[in-house]
Amino acid sequence: MYVILVYDLNAKRTNKMLKLCRKYLNWIQNSVFEGEITEAKLKELLSIAKKTIDLDTDSIIIFKSRDQYWLDKEIIGQERSSTDVFI
């Protein structure tokens, strides 16, 4: 499946979440990731993420699609490549 994952975390936890998400998905913008992932790998990612975040103040939003091609994607400005690193 194709997913877009977005998170909003306390600043002290963002670096840890960034490193976790980059293991599974492509980093496309601050706190935003996308990519193909299996259901099992997504469950694994979320299991680890739930141990990292504060469920009372932080959030993770996941948009799921059967295929990346079901979504129209328009980029205005510079697209970040998966090798760009801004920490």
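The values are calculated or read from the model by the stated rules, or taken from the named source; none is laboratory data. It should be emphasised that the depicted structure is a prediction, and the values quoted were computed from it without experimental measurement. Positions of Cβ are generated from backbone atoms using ideal geometry, with glycine treated the same way; all protein chains shown enter the neighbour counts. Accessible surface is based on the protein model in full, side chains and every heavy atom, while ligands, DNA and RNA are left aside. Shrake-Rupley method; radii C 1.70, N 1.55, O 1.52, S 1.80 Å.
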Filter K16/K50; K23/K50; K19/K51; K43/K73 down to the pairs with a C-alpha to C-alpha distance above 18 Å, please.
K43/K73
So, taking all protein chains as they sit and a 1.4 Å probe, how much accessible area belongs to Y7, in Å² rounded to tens?
20
Total charge dipole magnitude, the stretch 1-42, about the Cα centre, Cβ charges on Lys, Arg, Asp, Glu only, Debye to nearest 20:
360
